[in-house]
1. Among the candidates N190, N212, N158, single out the residue that is open to solvent by less than 20 Å² (accessible area, probe 1.4 Å), at pLDDT below 95, within 24 Å of M25 (Cβ to Cβ) and not hydroxyl-bearing (S, T, Y).
2. Please indicate, with yes or no, whether at least one residue in the stretch 87-96 is assigned to a strand (DSSP E or B) and in contact with a Phe, Trp or Tyr (Cβ under 6 Å, 6 or more places away or on another chain).
3. Given D92, D120, which one is within 20 Å of Y64 (Cα to Cα) and either touching a His at 6+ places or on another chain (Cβ under 7 Å) or open to solvent by 10 Å² or more (accessible area, probe 1.4 Å) (or both)?
4. Restricting to the stretch 191-219, count the residues that are part of a loop (DSSP other than H, G, I, E, B) and either closer than 16 Å to S153 by Cα or of a type in the set (V, I, T) (or both).
5. Please pick out the residue among V48, V38 that is in a strand (DSSP E or B), buried (at least 20 other Cβ atoms within 10 Å of the Cβ) and either among the basic types (K, R) or out of contact with any Lys or Arg (no Cβ under 7 Å at 6 or more places or on another chain) (or both).
6. Hey, I62 hits all of (1) without any contact (Cβ under 8 Å) to a residue 40 or more places away in the chain; (2) among the aliphatic types (A, V, I, L, M); (3) out of contact with any Lys or Arg (no Cβ under 6 Å at 6 or more places or on another chain) but one; which does it fall short on?
Amino acid sequence: MTYNAAGNTLLAISDSKEKVFELNMRRIKLKDYTDKVVGSNSDLEDLVKLDSTLYLLASAGILYEIPKKRDSIRQYKLALHGKNDFETVYYDPSINSLVLLCKTCEHEKGQGYRTAFRFDLTTKTFDSTAFYTIKKKEVADVVKDEEVDFKPSAAAINPINKRLYILSSASNLLIIADNRGKVIEAYDLNPDQFPQAEGIAFAPNDDMYISNEGKFGAATLKMFPYQQPKNTTDKKKK
């Protein structure tokens with residue numbers, strides 16, 4: 001999902017549908033934001049909205065660029081060999097680019113890392129090499145669990161601290177990294193509250209939203225209001 005600042009709403013996709021939905025959080029009502037904009041069996045996994053343009057990610061590593069008028073939909077495919085599975089795309093304003101994170105990619109087998117690929121929004125092209133990688137051991141070391149299964153399912157950059165927040169529904173994790181994938185923090189998520197966390201978005205004021213696919217019941221959406229960090233600096237007495 002992604003935050004829609006124009007309407008103070010969330011936009012979301014479902015992998016079994018070919019359209020975008022809008023959730024008005026004041027009324028908790030889901031409605032169509034677009035008609036069908038991609039073909040059947042596209043297997044949509046994530047999206048980003050920039051100004052009036054939508055970018056939808058299909059699991060095969062295909063980006064669909066959908067303008068406001070829906071009159072000239074374009075698609076861009078990341079050229080990778082073998083079978084690849086993507087669930088994550090996010091916008092990094094510091095490089096004016098979209099970044100795709102592998103959930104599982106062919107070239108990663110036996111390598112112990114996950115790969116990020118950059119799509120330059122100025123040239124509308126993918127880089128020919130990986131943007132960065134995240135070693136699964138880095139995640140395991142921070143979580144202190146050597147059996148951890150790191151498969152990115154969603155990501156977004158926090159607008160206040162500029163860090164990258166990555167969900168992994170596998171092993172129920174929230175990872176915080178810099179914008180080149182260096183792991184800074186990692187947290188276990190309660191599987192009772194986050195049975196399958198596969199969507200994350202931030203409002204401009206830093207409120208955080210995490211969505212869960214329906215695994216044992218209905219899909220859920222959780223909102224975490226931004227809390228100003230306390231100043232813990234001790235003032236010296238004169």
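1. N212
2. no
3. None of the others qualify; the one that does is D120.
4. Final tally of qualifying residues: 8.
5. Every option except V48 fails the conditions.
6. (3)
The values are calculated or read from the model by the stated rules, or taken from the named source; none is laboratory data. As the structure is a prediction and not an experimental result, all values here were calculated from the model. Virtual Cβ from ideal backbone geometry, glycine too; neighbours counted across all protein chains shown. Heavy atoms of the whole protein, side chains included, go into the accessibility calculation; ligands, DNA and RNA do not. Shrake-Rupley method; radii C 1.70, N 1.55, O 1.52, S 1.80 Å.
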